[in-house]
Number of protein chains: 2
Amino acid sequence: MLFASKTPTESEIVYLLKEHEINPTYQRVLIARLLFVGRTHVAAEDVFRAVNKDSPNVSKATVYNTLGLLAQKGVIREVIADPDRVFYDPNTSPHHHIYDEISGELTDIDAKEVSVTNLPALPDDVELQGVDIVIRVRRNRKK
Amino acid sequence: MLFASKTPTESEIVYLLKEHEINPTYQRVLIARLLFVGRTHVAAEDVFRAVNKDSPNVSKATVYNTLGLLAQKGVIREVIADPDRVFYDPNTSPHHHIYDEISGELTDIDAKEVSVTNLPALPDDVELQGVDIVIRVRRNRKK
DNA sequence: GCGGCGGTTTATACTTACTCTAAATGCTCT
DNA sequence: AGAGCATTTAGAGTAAGTATAAACCGCCGC
């Protein structure tokens with residue numbers, strides 16, 4: 001488990017950022033904390049709204065920059081499943097996703113539940129970044 | 001193999017569209033033919049440019065509508081792998097993709113080369129649309 | 001304290017992929 | 001011809017994300 005409690009303290013977040021060589025500024029801690037408290041898949045727009053709910057705290061540019069930085073440093077993970085927006089996932093352990101094409105909702109699947117075998121060998125100059133499995137689904141409206 | 005030759009004739013395309021309950025209009029045939037001649041992953045923008053290369057033939061709206069229609073009817077397949085644009089893939093046989101995060105390039109992998117097992121059972125009201133595997137990769141620039 | 005400096009944040013304008021709308025066009029049937 | 005329906009069109013609109021240039025912040029040497 002990444003944190004002792006489900007809702008990490010500010011200092012736990014500061015530590016997490018430092019661990020990943022990220023300077024823990026006010027805005028970055030605010031955003032990261034929000035991600036790890038909610039522990040859900042969020043889009044940049046969600047973060048922007050949540051972070052500025054009461055008073056204007058963080059600009060749009062900083063939200064995008066911070067999410068990009070966190071993803072690049074491996075603190076969170078980008079999920080490309082919705083053609084309209086990128087989701088960010090605080091769960092970086094190996095897992096995959098179910099994507100509801102109607103609602104846009106994303107759900108986790110533990111990597112243990114799915115196995116991928118026989119990945120093709122990659123050329124030397126090609127570095128594997130990750131394997132994403134998206135199970136696309138439509139939940140029928142109840143009749 | 002879908003077509004006898006690598007470059008399907010107009011009448012082969014017309015037949016393909018009719019088979020999928022698509023009224024084979026001038027624009028749709030033009031676009032579909034282009035897809036099946038190139039047989040590569042293309043974005044809507046590519047199609048728009050190619051189709052209007054010499055003279056203005058098809059409007060932007062029609063390009064998007066047609067690609068959407070072809071995908072919906074199963075003639076081609078949408079690939080969500082690049083956060084910036086949707087790709088369309090004329091190869092509808094079961095296969096997956098390697099996505100180069102640097103160049104944005106997509107490459108096919110035959111489904112036989114990868115196997116997914118233990119897909120989780122889905123609730124009754126949920127209909128499986130498909131399973132997409134994207135192998136994210138970075139090709140290092142040659143030193 | 002003060003000036004400078006790199007890193008960070010900001011407002012705002014911009015880009016880009018894609019969608020919407022309402023009018024025009026075309027096709028078919030009588 | 002003309003009614004009725006499907007299709008296409010130009011152009012405006014939307015929304016996610018990026019670029020830019022100025023302001024700000026923390027820190028270090030003086």
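The values are calculated or read from the model by the stated rules, or taken from the named source; none is laboratory data. The structure displayed is predicted, hence computed values, not measured ones. Note: ideal-geometry Cβ built from the backbone for every residue, glycine included; neighbour counts use all protein chains shown.
Among (1) at pLDDT 95 or above; (2) surrounded by 13 or more Cβ atoms within 10 Å (Cβ to Cβ); (3) among the basic types (K, R), there is one condition A:R39 misses while meeting the rest; what is its number?
Exception for A:R39: condition (1).
Could you tell me which of the residues B:Y88, B:Y99, B:Y64 is of a type outside the set (G, A, S), out of contact with any strand residue (DSSP E or B) (no Cβ under 7 Å at 6 or more places or on another chain) and surrounded by 14 or more Cβ atoms within 10 Å (Cβ to Cβ)?
Unique residue meeting the criteria: B:Y64.
Find all pairs meeting these conditions: Cβ atoms under 7 angstrom apart; at least six residues apart or on different chains; first residue within the stretch B:53-67 and in the same structural domain as B:P24 (by TED's automatic domain parsing); second residue near DNA strand C (Cβ under 8 Å from one of its atoms) and assigned to a helix (DSSP H, G or I).
That search, which allows pairs on different chains as well, returns B:V63/B:A44; B:Y64/B:A44; B:L67/B:A44.
Residue check: is B:P56 more than 16 Å from DNA strand C (Cβ to nearest atom) and outside any strand (DSSP E or B)?
So B:P56 does not fit the description; no.
Out of A:D108, A:D100, I need the residue that is within 15 Å of the chain's Cα centre (by Cα), of a type outside the set (K, R), within 27 Å of A:L34 (Cβ to Cβ) and not assigned by TED's automatic domain parsing to the domain that holds A:L17. Which one?
Exactly one of A:D108, A:D100 is within 15 Å of the chain's Cα centre (by Cα), of a type outside the set (K, R), within 27 Å of A:L34 (Cβ to Cβ) and not assigned by TED's automatic domain parsing to the domain that holds A:L17, namely A:D108.
Look through A:V51, A:V75 and report the one residue that is of a type in the set (V, I, T), within 12 Å of DNA strand C (Cβ to nearest atom), surrounded by 17 or more Cβ atoms within 10 Å (Cβ to Cβ) and at pLDDT 95 or above.
A:V51
Could you please let me know if A:V126 is surrounded by 12 or more Cβ atoms within 10 Å (Cβ to Cβ), touching a strand residue (DSSP E or B) at 6+ places or on another chain (Cβ under 8 Å) and under 17 Å from B:V137 (Cα atoms)? Give the derivation first.
Details: surrounded by 12 or more Cβ atoms within 10 Å (Cβ to Cβ): yes; touching a strand residue (DSSP E or B) at 6+ places or on another chain (Cβ under 8 Å): yes; under 17 Å from B:V137 (Cα atoms): yes.
Yes, satisfied.
Please specify each residue of the stretch A:38-77 satisfying the condition of being more than 14 Å from DNA strand D (Cβ to nearest atom) and in contact with a Lys or Arg (Cβ under 8 Å, 6 or more places away or on another chain).
Scanning the stretch A:38-77 gives a single hit, A:R39.
Working only within the stretch B:101-143, note down all residues that are more than 7 Å from chain A (Cβ to nearest Cβ), in a loop (DSSP other than H, G, I, E, B) and of a type in the set (S, T, N, Q).
Scanning the stretch B:101-143 gives a single hit, B:S103.
From (1) more than 14 Å from DNA strand D (Cβ to nearest atom); (2) under 23 Å from B:P120 (Cα atoms); (3) surrounded by 16 or more Cβ atoms within 10 Å (Cβ to Cβ), pick out the condition that doesn't hold for A:I80.
In the conditions (1) more than 14 Å from DNA strand D (Cβ to nearest atom); (2) under 23 Å from B:P120 (Cα atoms); (3) surrounded by 16 or more Cβ atoms within 10 Å (Cβ to Cβ), A:I80 misses (1) alone.
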